[in-house]
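Chemist: I'd like to ask some things about the structure below.
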Amino acid sequence: MDIKIVATEAEGGNLALEMVKEQLKQNPAATFGLATGSSPLAFYQALTNSDLDFTQATSINLDEYVGINENNEQSYHYFMKKNLFNKKPFKNNYLPNGMATDLKAETQRYDQIIADNPIDLQILGIGRNGHIGFNEPGTPFNSGTHVVDLTESTIEANARFFDNEDEVPRKAISMGLGSIQKSKKIILFAYGEAKAQAIKGCIAGPVTTHVPASILQNLNDVTIILDAAAAKLLNDK
Ligand code: GLP
């Protein structure tokens, strides 16, 4: 794992921007796995301010809430359009459809999309409980796309984006840990003290399904971009 401690989220965003540049230089039709949440925001800002061209590239998002429409401001579809896609057009943008009537069929459709478009560079944030995407603690490491019951800790953490906690959806569709592991490269962003425990488990703890992000220790090409607060519980090495 390559661990980079940055002073600001803007610095983290710029570091990742350089890796995206490299990727597009090698292959303008690369596939990017994308994440929502506050952690990748500075990165998306860096992408939108750059002159990079994504018109041949494909994006595949990690997850979407079940039961909220894509025009709802809290949906991940809306987030991605607002923060990236409206400013940087891609050839294809894939996200799970949280309004699908047959959710099982939707998970299969999504797995096929991932199989057809192997992910070159996957962007991740991390939940306070160590989740990546919406792969909550206990999710099998070989999982494909699945419907998730969100944990209380995730519902509480994500309530800040809603008028009140009751409005936070209880279910989501998430790309599985098996698919995330197949990405050729991964960048994970974590900022702030609330992520320190999860980062310790991700980087320095045992590889265990109790901390889904700990699976990243088994992979070849992972860059973790942190600020000092998120790195606080790591020993200096
Ligand atoms: C959500 C998303 C994750 C994200 C996490 C952390 O639950 N499903 O993909 O990484 O929250 O979000 P934030 O970056 O806002 O702390």
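The values are calculated or read from the model by the stated rules, or taken from the named source; none is laboratory data. Worth saying up front: this structure is predicted, and the values here are computed from it rather than measured. Here the Cβ is made from the backbone with ideal geometry for all residues, glycine too, and neighbour counts use every protein chain on show.
Chemist: Condition first: within 14 Å of the ligand (Cβ to nearest atom) and in contact with a Lys or Arg (Cβ under 8 Å, 6 or more places away or on another chain). Can you find one or more residues in region 51-74 that meet it?
Modeler: Scanning region 51-74, I find at least one residue that is within 14 Å of the ligand (Cβ to nearest atom) and in contact with a Lys or Arg (Cβ under 8 Å, 6 or more places away or on another chain), so the answer is yes.
Chemist: Looking only at region 135-158, which residues are within 11 Å of the ligand (Cβ to nearest atom) and among the aliphatic types (A, V, I, L, M)?
Modeler: Val148, Leu150, Ile155, Ala157
Chemist: Please go through (1) of a type in the set (A, V, I, L, M, F, W, C); (2) more than 16 Å from His146 (Cβ to Cβ); (3) within 16 Å of the ligand (Cβ to nearest atom) for Ile173 and return the number of the only condition it doesn't satisfy.
Modeler: (2)
Chemist: Going by what's in this entry, would Asn220 be described as of a type outside the set (Val, Ile, Thr) and exposed (fewer than 15 other Cβ atoms within 10 Å of the Cβ)?
Modeler: Judged against the criteria, Asn220 is a match.
Chemist: Would you check if Tyr65 is within 21 Å of Asp120 (Cβ to Cβ), under 15 Å from the mean Cα position of the chain (by Cα) and either modelled with pLDDT under 95 or aromatic (Phe, Trp, Tyr) (or both)?
Modeler: Spelling it out, it is not the case that Tyr65 is within 21 Å of Asp120 (Cβ to Cβ), under 15 Å from the mean Cα position of the chain (by Cα) and either modelled with pLDDT under 95 or aromatic (Phe, Trp, Tyr) (or both).
Chemist: Moving on. Any residue in region 160-184 that is more than 23 Å from Thr101 (Cα to Cα) sitting within a Cβ distance under 7 Å of a residue that is assigned to a helix (DSSP H, G or I)? List the pairs, counting only those 6 or more apart or interchain.
Modeler: Filtered contacts from region 160-184: Glu165/Ile155; Glu165/Glu156; Glu165/Ala159; Leu177/Pro212; Leu177/Ile215; Ser179/Ile114; Gln181/Ile215.
Chemist: Given the condition within 16 Å of the ligand (Cβ to nearest atom), exposed (fewer than 14 other Cβ atoms within 10 Å of the Cβ), closer than 17 Å to Gly133 by Cα and at pLDDT 95 or above, answer yes or no: does some residue in region 91-108 qualify?
Modeler: No, region 91-108 contains no residue that is within 16 Å of the ligand (Cβ to nearest atom), exposed (fewer than 14 other Cβ atoms within 10 Å of the Cβ), closer than 17 Å to Gly133 by Cα and at pLDDT 95 or above.
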